[in-house]
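Comments concern the structure below.
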């Protein structure tokens with residue numbers, strides 16, 4: 001437990017002995033100490049710091065973030081696909097690429113798609129990082145974004161560790177990252193496949 005959280009707990013702690021729940025005027029599990037905790041946004045509610053959080057909270061937060069990032073990713077891919085479709089229509093009907101321009105165009109297009117996908121992954125990692133910071137799983141935004149990018153890319157070498165009660169979320173983010181990067185890889189392959197006949201026909 002970090003010093004800031006300890007100080008907040010010392011200022012606002014109280015005991016209770018009813019079943020655990022969250023938000024508003026709540027009680028904690030039998031035999032545990034429920035603590036009114038103040039986070040960086042003001043009073044958060046009852047925190048269960050002796051026996052940890054409810055086991056389902058990791059799953060709830062993790063699955064919600066997976067669903068949200070998937071929706072963002074799908075929306076971003078749709079926009080990119082629509083823009084790509086317009087480019088292909090113009091090339092097919094109006095624009096006539098000279099043979100020496102085909103290869104640079106193809107390379108530039110793949111690079112642009114890759115850049116846009118990287119931006120999407122960055123936004124998605126930032127959402128996970130914001131959740132880690134808000135929940136108190138990591139103590140600073142910089143650590144949270146580093147850990148999140150490291151986890152979503154499944155690299156796992158940042159040297160940072162989530163608070164014990166939130167570690168399952170880190171594993172769920174890695175699952176999310178594998179799904180998102182798999183979708184991105186398939187999308188890049190689809191774009192390259194769509195332009196490959198143009199590339200080979202004009203050689």
* **Members of region 118-172 that are touching a strand residue (DSSP E or B) at 6+ places or on another chain (Cβ under 8 Å) and buried (at least 20 other Cβ atoms within 10 Å of the Cβ)** => 136
* Asked: Does residue 82 meet the test of being assigned to a helix (DSSP H, G or I), at pLDDT 85 or above and closer than 23 Å to residue 178 by Cβ?
  -> no
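Let's see how each residue does on (1) modelled with pLDDT under 95; (2) under 16 Å from residue 80 (Cβ atoms); (3) out of contact with any helix residue (DSSP H, G or I) (no Cβ under 8 Å at 6 or more places or on another chain):
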{"residue": "93", "(1), (2), (3)": "yes, no, yes"}
{"residue": "109", "(1), (2), (3)": "yes, yes, no"}
{"residue": "120", "(1), (2), (3)": "no, yes, no"}
{"residue": "127", "(1), (2), (3)": "no, no, no"}
{"residue": "177", "(1), (2), (3)": "no, no, no"}
{"residue": "199", "(1), (2), (3)": "yes, no, no"}
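For (1) in the same structural domain as residue 68 (by TED's automatic domain parsing); (2) within 17 Å of residue 63 (Cβ to Cβ); (3) assigned to a loop (DSSP other than H, G, I, E, B), each residue gets a yes or a no:
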| residue | (1), (2), (3) |
| --- | --- |
| 129 | yes, no, no |
| 137 | yes, yes, yes |
| 156 | yes, no, yes |
| 173 | yes, yes, no |
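The values are calculated or read from the model by the stated rules, or taken from the named source; none is laboratory data. Predicted model only: the values in this text are computed from it and were never measured. All Cβ positions, glycine included, derive from the backbone under ideal geometry; neighbour counts span all protein chains shown.
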